[in-house]
1. Over all directions, the average projected area of the alpha-carbon convex hull for the protein assembly as shown comes to how many nm²?
2. For chain B, modelled as a Gaussian network with Cα springs under 10 Å, which listed residue fluctuates most, B:70, B:241, B:24?
3. With springs only between Cα atoms under 10 Å apart, run a GNM on chain A and tell me which of A:356, A:248, A:394 wobbles the most.
4. Measuring from the lowest to the highest alpha carbon on each principal axis, how far does the range A:42-379 reach, largest first, in angstroms?
5. Would you mind putting A:381-392, A:410-421, B:76-87 in packing order, based on average other-beta-carbon counts within 10 Å, highest first?
6. Once a ≥ b ≥ c are taken as the square roots of the eigenvalues of the Cα gyration tensor of the range B:157-270, is the result rounded (a/c under 1.5), prolate (a/b larger than b/c) or oblate (a/b not larger than b/c)?
7. What percent do you get for the relative contact order of the range B:38-155 when only Cα pairs under 8 Å and 6+ apart count?
8. Taking every Cα atom in chain B, find the radius of gyration and the maximum pairwise distance Dmax, and write them in Å.
Amino acid sequence: MKVTQTIDIKHITRVEGHGNIKISIRDGKVEEATWEVVETPRFFEAMLVGKKWENAPWICGRICGICSIGHTLASIRAVENAFGIVPTGQTGKLRLLLKHMETLQSHVLHLYFLAAPDFVNAGSVFPLIESHPDVIKRAAKIKLLANDLCDCVGGRRMHPTRTVVGGFTMLPAKGELLKFKYRLQDVVDDLTRTAELFRQFSVPDFSRETEFVSLKGSGEYPFIGGELVSTDGVVRREHEYRLMTNEYMVGQSTSKWSKLSRQSFAVGALARLNNNFSFLHPAAKELSLSFGLKPVNHNPYMNNIAQLVECVHIVMESIDLINGMLDREWQESRQRVVPKEGIGVGAVEVPRGILYHCYEFDKEGRIVRSDCVIPTSQNHANIQHDLTALAEQYAREGKKDRDIELLAQMLVRSYDPCISCSVH
Amino acid sequence: MNKHEPTQRTYLGIPVPRPKVAFFELSSCEGCQLQLVNNETTLLNFLSLVDIRAFREAMTEKYDDYTIAFVEGSVTRSDEIERLKKIRATAAVLVAFGSCACFGGVNQLKNRFQDPAWVKKEVYGSHPIETNDTARPLEDFVKVDLKIFGCPVKKEEVEKIVTNVVLGKTIVAPKYPVCMECKANENTCLFDLGEPCLGPITRGGCDSWCPNSRFGCWGCRGPAVDANVEQMQEVMKKHGFSEETMLDRLECFGGFAGHAAEMRNNIKAK
């Protein structure tokens with residue numbers, strides 16, 4: 001039987017922000033498949049104009065509640081690059097540890113609370129609290145550890161307070177870090193169980209050849225700064241980010257869209273993994289391969305598994321980072337900041353993909369222009385093209401209405417979109 | 001949620017009703033809602049206290065029979081006014097949840113520009129985009145019954161407030177400033193560390209969250225009762241901080257909007 005159906009989802013749930021899915025299929029032919037973003041713009045780039053440099057990280061962290069640490073760090077990096085400040089090794093390691101914990105809490109939030117309910121036919125995580133208490137307690141335990149360690153290093157799990165241009169206002173107590181090391185070692189087993197859980201879920205069979213963009217690792221799996229790379233072979237320097245993002249406006253979205261070598265590209269955990277697989281921690285690499293995930297994987301639903309793989313990598317690397325800190329004496333936490341005229345770019349891999357902040361300063365350190373390119377805004381065009389291909393594939397195969405509706409929502413959720421962030 | 005009714009809670013032997021609550025967001029980072037799921041140790045207990053009828057960020061099911069509505073974010077587009085009015089018509093209690101809802105939050109930083117058209121053009125160029133000229137707090141459009149301050153809100157404070165709403169207790173926001181909590185926490189004064197701080201004039205209740213990390217207060221919770229902003233200016237000046245530094249903090253979250261506008265005009269007049 002040929003499929004005829006209309007799907008109209010206003011404000012898709014279990015994602016951050018406001019987006020709509022519209023699909024219309026008649027006699028097995030897709031007439032419309034649209035990913036709309038209706039989020040209100042907040043105009044962060046305009047807000048910053050005329051403000052002194054120290055405002056930027058504090059205000060820009062507020063672009064996003066989930067990845068406020070990533071925004072703060074990208075903002076700080078942009079300011080430091082403009083002023084020619086090179087962070088000390090100690091600061092770099094603390095920032096990476098903080099970044100890792102934000103990614104861990106965000107991935108766990110997405111995997112368990114936002115994505116998993118789809119695989120067990122639940123509308124939210126709440127019924128699972130009673131039906132699968134152990135699973136939810138495990139998720140809460142990992143998330144709590146990540147958030148607690150964010151508090152310890154960044155001062156606060158959301159809109160951090162210790163992260164400033166030049167370093168940190170305060171350093172964590174070593175005794176605390178030692179306890180966190182034990183807690184990190186303890187969740188390795190919980191991540192193994194998480195993998196067992198996700199192994200029971202069947203990942204939808206859908207692929208569409210895609211270009212993937214991320215930071216380019218050199219010696220390690222990259223998170224903060226460095227060169228930019230795409231699976232189509234494009235390599236650029238950090239300050240040339242605009243050549244990677246090529247933002248433009250479309251009628252169906254209040255967020256900008258991006259493109260590179262093709263009509264769209266993807267960023268996020270799957271993009272990072274596709275570009276930097278060889279730099280994953282051995283345990284993470286092994287887990288990835290056990291799920292059949294190796295580069296270049298073109299199934300967007302596998303982003304969930306890529307997040308899981310990154311959780312393992314992050315926990316392992318964080319243990320090493322803490323070991324390194326415990327072995328050495330703390331040094332001065334904060335460098336002096338001398339503003340100067342110029343432009344600075346900060347590229348940071350946040351949970352949902354590569355994030356760029358760019359500021360131009362006058363000689364007193366006031367912002368003349370600013371630009372923030374958000375991971376989800378880079379993904380919107382790709383979500384659109386995936387959605388079209390998905391609707392066509394399933395209309396052809398004669399899937400049931402409810403299946404297509406669910407799979408379309410799962411597709412959008414697999415990108416873990418941060419929509420209010422993408423519009424900012 | 002419906003399928004699994006948790007055990008009836010009691011307080012001093014009396015059954016406690018589980019109020020039907022709903023969460024909504026206007027223009028915001030959704031961080032305040034996230035704060036609720038962000039304290040994993042007490043989350044499950046907290047959830048047993050209320051019956052969540054709508055929470056788009058976390059659940060697909062949605063019911064329109066709530067009595068308490070938590071609204072995060074500020075109003076920046078006309079369709080949000082309509083949504084807000086609908087929520088107001090349904091809810092017995094409407095809570096402005098976080099500083100964006102209470103004062104406009106960081107979103108209101110765009111209000112300081114003379115020309116709203118420039119703001120649009122700076123971000124979107126010639127592409128048409130719908131937005132109101134100013135970002136505004138909820139109470140500019142509907143009656144607000146309760147305000148929970150902070151950017152972000154403090155989870156412990158939210159839980160205390162919600163528990164008190166459930167138990168029918170009176171809710172009183174602290175009248176004293178952040179500075180008092182900071183002293184009680186035995187922190188070194190930020191001014192002694194060479195950092196500016198709005199702790200002396202900002203409403204407490206956050207347990208001096210930022211100063212505890214040696215980061216000066218930016219006034220996200222708005223003015224304390226009897227805040228002496230003029231004296232604050234003197235203190236800042238005495239410690240060598242410019243009017244611009246004071247203004248940046250004063251105008252960041254909108255709680256001091258009147259004071260900030262006055263100060264901005266004074267600086268311009270010079």
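Any read-out appearing in this document is the output of simple, stated calculations on the displayed coordinates, not a laboratory observation. Computed from a predicted structure; not experimentally measured. Cβ sites come from the backbone with ideal geometry, for glycine too, and all protein chains shown count toward neighbours.
1. Details: hull surface 116.8 nm².
The directionally averaged projection comes out at 29.2 nm².
2. The residue with the greatest mean-square fluctuation here is B:241.
3. Answer for the Gaussian network model of chain A: A:248.
4. 58, 52, 37
5. The most tightly packed comes first, giving A:410-421, A:381-392, B:76-87.
6. Working: a/c = 2.70, a/b = 1.55, b/c = 1.74.
Oblate, since a/c reaches 1.5 and b/c is not below a/b.
7. This gives 30 percent for the range B:38-155.
8. 20.2, 66
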